[in-house]
Amino acid sequence: MNNGSNGIERYFQSTRAAFDSLRTVYKHEGPWAKRHDVISRIVREHLRRLRQSFECWDRRRLDARAFKIDTAESGLPIFHHALELQEDFSQASARLREIPAPDQIRDDMIEYIFDHKRLPEDLQSLMARRLYFESLRQRPVFTTVTPPETVRFSINPRTKRPFYVVHWASYDGSANLPLIYMAVIEDSSGGDIVPPNPGRHLNNTARPKFRPLEGLPNRTLTEPFAAFAANHSSYSLSLTSIATALDKDFANLHPKQLKRFVLGPFYVGDITRHNERVQSVLDEVDDPSHNWLLTWAVQELHSKEEKPAKHGLWGGSPAEEIFYINTDDLECARQGVSAYERHALVPHAAYQALHAQGRADETFDGYQCHIVSGENILEHV
């Protein structure tokens, strides 16, 4: 997709519509949020970052030679753009100091038009660059790896151990997919643990409310855990592999639950080409706000028991989590997870087009379908 093409403009129109609808699914008072409040808040935070990334990419394309999308698989921007965004985010303030203020650029544009009787393409590009870096500075973007953050701290009344709800994210370089991770982890180290709130003690079993904490409350493990998350966030790794590695690498951290949200693939009419049957229908929907379809998956793995540590004269073994694999479900068994959900978000016009061709049931078989109708979402149709 080349810069300035009608296709890329329609693509960004579709992404804006998709994010508006996805926000409705996960909004505070939405049905999903009522069932999974903490999870919904975590997902919304990362979706805000991802939407900001798309807004920045939309501005950046006006100053870039090309903007490439993985049209054959994910339907989302290629990993190279996520890397560029991350680097530009770190340099935004410095770059803005090198670019004239917007009023100065506008004055120069007006003067150029009067003098040359044509549009000042170089100045337009400079203004686009200015707006791009201003957008980057306004709020966080979805970087290649978003470091872990703790959003819940409590005490397990049975084991008396503190446990944390931690989340992080990554933009997978091979699959070109945004991934959101969240974990419930018990800590048996008794190490340097930051209290959730001033005045609260570690043995307070009431659920405390506190501001999100960068890293883990166990400050001695914050950096090693961040490094682990960065190195174990690939889409090619199963949840079982990640949780088992975490359990093995950190003797005093016990992963009780691990979730992964996989956002995508994203289908856009006349642009992406990774599902011909879906594309043939979407291509017939003219309005870019309606000719798209967004899917996502939720994988979950939880521990069914903890095998106690063994200590003896001739050696021992650390505690070990035994994870539950749902072998009654073929897809769960194939992926090595406890539970698996697939979701599809589709505008009403696109759904009607699929339904009219008799493809709706086949297309959405196995999906929890969310149909967008104005500002409303029709659930599980």
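The values are calculated or read from the model by the stated rules, or taken from the named source; none is laboratory data. Please read these numbers as outputs of a predicted model, since none were measured by experiment. Reconstructed Cβ throughout: ideal geometry from the backbone, glycine too, with neighbour counts over all protein chains shown.
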Scanning segment 217-257 for residues that are loosely packed, with under 15 Cβ neighbours inside 10 Å and among the acidic types (Asp, Glu), the one nearest to Phe323 (Cα to Cα) turns out to be Asp249
Filtering segment 209-240 for residues that are without any contact (Cβ under 8 Å) to a residue 24 or more places away in the chain and under 21 Å from the mean Cα position of the chain (by Cα) leaves a count of 6
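Looking only at segment 254-261, decide whether some residue is in contact (Cβ under 8 Å) with a residue 12 or more places away in the chain, closer than 17 Å to His167 by Cα and either out of contact with any Asp or Glu (no Cβ under 9 Å at 6 or more places or on another chain) or of a type in the set (Val, Ile, Thr) (or both). Talk me through it step by step, then tell me what you get.
Of all residues in segment 254-261, those in contact (Cβ under 8 Å) with a residue 12 or more places away in the chain come to 254-261.
Remaining after also requiring closer than 17 Å to His167 by Cα: 254-261.
Keeping just the survivors that are either out of contact with any Asp or Glu (no Cβ under 9 Å at 6 or more places or on another chain) or of a type in the set (Val, Ile, Thr) (or both) gives 261.
Within segment 254-261 (the criterion being in contact (Cβ under 8 Å) with a residue 12 or more places away in the chain, closer than 17 Å to His167 by Cα and either out of contact with any Asp or Glu (no Cβ under 9 Å at 6 or more places or on another chain) or of a type in the set (Val, Ile, Thr) (or both)), the answer is yes, since at least one residue qualifies.
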Scanning segment 168-195 residue by residue, those surrounded by 20 or more Cβ atoms within 10 Å (Cβ to Cβ) and among the hydroxyl-bearing types (Ser, Thr, Tyr) turn out to be Ser170, Tyr171, Tyr181
Looking across segment 321-334 at residues that are under 23 Å from Ile39 (Cβ atoms) and not in a loop (DSSP other than H, G, I, E, B), the single one that is farthest from the chain's Cα centre (by Cα) is Glu321
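Could you say whether any residue in segment 310-320 is under 22 Å from the mean Cα position of the chain (by Cα) and assigned to a loop (DSSP other than H, G, I, E, B)?
Within segment 310-320, the subset under 22 Å from the mean Cα position of the chain (by Cα) is none.
No, segment 310-320 has no match at all.
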Counting only residues in segment 157-192 that are at pLDDT 90 or above and polar (S, T, N, Q), the one farthest from Tyr267 (Cα to Cα) is identified as Ser188
Of the listed residues (Ala344, Ala350), the one being in a helix (DSSP H, G or I) and surrounded by 15 or more Cβ atoms within 10 Å (Cβ to Cβ) is Ala350
In segment 58-110, residues that are closer than 29 Å to Phe266 by Cα and free of Cβ contacts under 8 Å to residues at least 40 places away in the same chain total 5
Checked segment 262-299 for anything closer than 21 Å to His46 by Cα and either over 28 Å from the mean Cα position of the chain (by Cα) or surrounded by fewer than 19 Cβ atoms within 10 Å (Cβ to Cβ) (or both); matches are Ala297
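Going by what's in this entry, would Arg152 be described as modelled with pLDDT under 95, of a type in the set (Lys, Arg), surrounded by 14 or more Cβ atoms within 10 Å (Cβ to Cβ) and touching a strand residue (DSSP E or B) at 6+ places or on another chain (Cβ under 6 Å)? Talk me through it step by step, then tell me what you get.
Working: modelled with pLDDT under 95: yes; of a type in the set (Lys, Arg): yes; surrounded by 14 or more Cβ atoms within 10 Å (Cβ to Cβ): yes; touching a strand residue (DSSP E or B) at 6+ places or on another chain (Cβ under 6 Å): yes.
Judged against the criteria, Arg152 is a match.
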Arg48 meets each of (1) of a type outside the set (Asp, Glu); (2) crowded, with 20+ Cβ neighbours inside 10 Å; (3) at negative phi with one exception, condition (2)
Expected single match for closer than 30 Å to Ser373 by Cβ and without any contact (Cβ under 8 Å) to a residue 24 or more places away in the chain among His290, His355, His274, His348 is His355
Within segment 314-341, restricting to residues that are modelled with pLDDT under 95 and touching a Lys or Arg at 6+ places or on another chain (Cβ under 6 Å), the one that is surrounded by the fewest Cβ atoms within 10 Å (Cβ to Cβ) is Gly316
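Restricting attention to segment 104-125, report how many residues are more than 36 Å from the chain's Cα centre (by Cα), under 30 Å from Phe54 (Cβ atoms) and assigned to a helix (DSSP H, G or I). Break it down into steps so the answer makes sense when it comes.
Within segment 104-125, the first condition is being more than 36 Å from the chain's Cα centre (by Cα), and the residues that meet it are 104, 106-120.
Narrowing further to those that are under 30 Å from Phe54 (Cβ atoms): 104, 106, 108-109, 119-120.
Of the ones still in play, those that are also assigned to a helix (DSSP H, G or I) are 104, 106, 108-109.
Here the count works out to 4.
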Pairs returned, first residue in segment 138-153 that is farther than 29 Å from Ile193 by Cβ, second residue that is surrounded by fewer than 17 Cβ atoms within 10 Å (Cβ to Cβ) and small (Gly, Ala, Ser), beta-carbon separation under 8 angstrom, 6 or more apart or interchain, are Thr144/Gly173
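Considering only residues that are of a type in the set (Lys, Arg) and not in a helix (DSSP H, G or I), which ones fall in segment 239-276? Write out each step before concluding.
Step one: filter segment 239-276 for residues of a type in the set (Lys, Arg), giving 248, 256, 259-260, 273.
Listed by number, the residues that qualify are Lys256, Lys259, Arg260, Arg273.
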Within segment 20-61, the residues that are among the basic types (Lys, Arg) and either in a helix (DSSP H, G or I) or modelled with pLDDT of 90 or more (or both) are Arg23, Lys34, Arg35, Arg41, Arg44, Arg48, Arg49, Arg51, Arg59, Arg60, Arg61
